[in-house]
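Accompanying notes for the structure given below.
The values are calculated or read from the model by the stated rules, or taken from the named source; none is laboratory data. Treat the numbers as computed from the prediction; the structure is a model and nothing was measured. Using ideal geometry, Cβ is built from the backbone for each residue, glycine included, and neighbour counts are taken over all protein chains shown.
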Amino acid sequence: MIRYYDTGLLLKLYTEEKESDAIRAFVTERKQPLAFTSLHLSECVSALRLKCFRNECEEEQAAGAIMDIENDIAAGVLRNVYIDWDAAWTQCRVLSDSHAATTGCRTLDALHVACARQMGAKEFITSDDRQSKLAKKAGFRVPKFG
């Protein structure tokens, strides 16, 4: 089964945050590579650099986490998935038009759900309330972790 992990959860695999242990256990229990898009990579790099800007981590820590992500891509732990970006943006617009007023989802929330649809995911894993509501409305199973 293909599972889509929100970037916020993927980051917890590479940094020490409140939910890191729970998400690591959740991922380990499933014993499968994680679908990973260029959106995930861009968001991970940006979030890690933002942590430096906010003095939440040192440059060496951010660089190490980025290296760990790149190593996991090379090793197949993170499995690159191709996204048809024109189709994803079209789906993002449809999702936003249909559900933003009732879920409070933002553009990136809808884009992640659109990417999950593009890759044929059945589950959408997130700790974000807006994404969770949108993913459920879009027909995904949204399991709890932790």
Looking only at region 63-87, and only at residues there that are outside any loop (DSSP other than H, G, I, E, B) and in contact with a Ser or Thr (Cβ under 9 Å, 6 or more places away or on another chain), the one that is farthest from VAL27 (Cα to Cα): TRP85
Looking only at region 10-42, filter to residues that are touching a Leu at 6+ places or on another chain (Cβ under 8 Å) and among the charged types (D, E, K, R); which one of those is modelled with the highest pLDDT? ARG24
Flagged in region 120-131 as within 13 Å of the chain's Cα centre (by Cα) and over 13 Å from LEU95 (Cα atoms), in numbering order, are ALA121, GLU123, PHE124, ILE125, THR126, SER127, ASP128
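Conditions tested, residue by residue: (1) out of contact with any Leu (no Cβ under 8 Å at 6 or more places or on another chain); (2) of a type in the set (Lys, Arg); (3) over 21 Å from ALA47 (Cβ atoms); (4) modelled with pLDDT of 95 or more.
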residue: ILE83; (1), (2), (3), (4): no, no, no, yes
residue: ALA87; (1), (2), (3), (4): yes, no, yes, yes
residue: SER98; (1), (2), (3), (4): yes, no, yes, yes
residue: CYS115; (1), (2), (3), (4): no, no, no, yes
residue: ASP129; (1), (2), (3), (4): yes, no, no, no
residue: ARG141; (1), (2), (3), (4): yes, yes, yes, yes
Residue check for THR103: more than 25 Å from GLU16 (Cβ to Cβ), in contact with a Lys or Arg (Cβ under 9 Å, 6 or more places away or on another chain) and of a type in the set (S, T, N, Q): yes
Pick from region 7-42, criterion of a type in the set (Asp, Glu) and either surrounded by fewer than 14 Cβ atoms within 10 Å (Cβ to Cβ) or without any contact (Cβ under 8 Å) to a residue 40 or more places away in the chain (or both), ranking: nearest to GLU70 (Cα to Cα): GLU16
Criterion first (touching a Lys or Arg at 6+ places or on another chain (Cβ under 6 Å), under 23 Å from VAL142 (Cα atoms) and not in a loop (DSSP other than H, G, I, E, B)) does ASP109 satisfy it? yes
So for region 23-35 (the condition being outside any loop (DSSP other than H, G, I, E, B), of a type in the set (Asp, Glu), more than 21 Å from LYS136 (Cα to Cα) and in contact with a strand residue (DSSP E or B) (Cβ under 8 Å, 6 or more places away or on another chain)), does at least one residue qualify? no
